[in-house]
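Written below as structure tokens is the structure these notes are about.
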């Protein structure tokens, strides 16, 4: 996808803004541009814009549990019964 598009940097407060053609935005798979996080990186003298990989807050907090090895059996041994439990 070596399509050339030209744009200009526009002043936005104390920064510069780039007008990115809609076709390029759509090619990134971005539907809701206002609520999409992007990552900017300089690689070999070029500005690279990527859609940030989305991860839910739950996976950010507990995602490490997914990598832990689970026992083969699904039952857990909680030890001998104590008290008035009925099974």
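Every residue in the stretch 49-74 that is at pLDDT 75 or above and not in a helix (DSSP H, G or I), please.
Correct list: 49, 50, 51, 52.
I'm checking my understanding of the structure. Among residues of the stretch 1-48 that are surrounded by 11 or more Cβ atoms within 10 Å (Cβ to Cβ) and under 14 Å from the mean Cα position of the chain (by Cα), which one is modelled with the highest pLDDT?
Taking the candidates together, the pick is 38.
The values are calculated or read from the model by the stated rules, or taken from the named source; none is laboratory data. Note that the coordinates shown come from a computational prediction; the quantities given were computed from them, not determined experimentally. Cβ atoms come from the backbone with ideal geometry, glycine included; neighbour counts cover every protein chain shown.
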